1. Tell me which residues, restricted to the range 40-61, are assigned to a helix (DSSP H, G or I) and open to solvent by less than 60 Å² (accessible area, probe 1.4 Å).
2. Could you tell me whether any residue of the range 100-120 is surrounded by 14 or more Cβ atoms within 10 Å (Cβ to Cβ) and within 30 Å of S20 (Cα to Cα)?
3. Kindly indicate the residue of the range 87-99 that is assigned to a helix (DSSP H, G or I) and open to solvent by 50 Å² or more (accessible area, probe 1.4 Å) and also modelled with the lowest pLDDT among those meeting that condition.
4. Can you list residue pairs whose Cβ atoms sit under 6 Å apart, with the first residue in the range 113-139 being farther than 27 Å from R66 by Cα and the second being surrounded by 15 or more Cβ atoms within 10 Å (Cβ to Cβ) and not hydrophobic (A, V, I, L, M, F, W, C)? Count only pairs 6 or more apart in sequence or on different chains.
5. Would you please name the residue that is nearest to E120 (Cα to Cα), looking only at residues in the range 132-146 that are open to solvent by 70 Å² or more (accessible area, probe 1.4 Å) and part of a loop (DSSP other than H, G, I, E, B)?
6. Which count do you get for residues in the range 2-31 that are in contact (Cβ under 8 Å) with a residue 12 or more places away in the chain, under 20 Å from V88 (Cβ atoms) and outside any helix (DSSP H, G or I)?
7. Quick one: which of D84, D78 is among the acidic types (D, E), within 25 Å of G44 (Cβ to Cβ), in contact (Cβ under 8 Å) with a residue 60 or more places away in the chain and surrounded by 12 or more Cβ atoms within 10 Å (Cβ to Cβ)?
8. Residues A23, A7: which one is hydrophobic (A, V, I, L, M, F, W, C) and open to solvent by 50 Å² or more (accessible area, probe 1.4 Å)?
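The values are calculated or read from the model by the stated rules, or taken from the named source; none is laboratory data. On a predicted model such as this, the values are computed, not experimentally measured, just so you know. Ideal geometry is used to build each Cβ from the backbone, glycine not excepted, and the neighbour counts take in all protein chains shown. Note: accessible area is taken over every heavy atom of the protein model, side chains too, but ligands, DNA and RNA are not part of it. Shrake-Rupley method; radii C 1.70, N 1.55, O 1.52, S 1.80 Å.
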Amino acid sequence: MRISARADYAVRAALQLAASSDAGPLKAEAIADAQNIPHKFLEGILNDMRRGGLVLSRRGGNGGYRLAKPAESISIADVIRVVDGPLVSVRGVRPPELSYTGPAESLLPLWIALRSNVREILDGVSLAEVATAQLPTAVSALADTPGAWANP
């Protein structure tokens, strides 16, 4: 699975909003500066997040962006889906819509298992957990596995 720059930026922007929820709305420029995200690119991402119901925006001197719901109720998967679509697909098609034959026949359950595991992790971690460095134990254990980030 590859996390796009768009998804990475969206999650980072959402985390910045989650960490600053008590400070009121944040301007896009402030989010971009804090997370080193190109401002124009971030504007498009924030608009997608607004249309997807994850953020609210307000114009004016005291305007900016804020989360539309508590950070505890927004998963990392929610953010990625709003800006990039389905979490896992094969050639742009979801695994249940695929079919294989012969020795490739068992690829379908493999792709479905992959999708299930990705969804379990990303749906199971909220913005609040990441923003406060309180990852679920199972996620921390996976991240601490020797060689988890190493390429074979």
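1. L42, E43, G44, I45, L46, N47, D48, M49
2. yes
3. P96
4. Partner pairs satisfying both residue conditions: R115/P95.
5. Residue satisfying both the conditions and the ranking: L135.
6. 2
7. Just one listed residue meets the conditions, D84.
8. Going through A23, A7 in turn, just one is hydrophobic (A, V, I, L, M, F, W, C) and open to solvent by 50 Å² or more (accessible area, probe 1.4 Å): A23.
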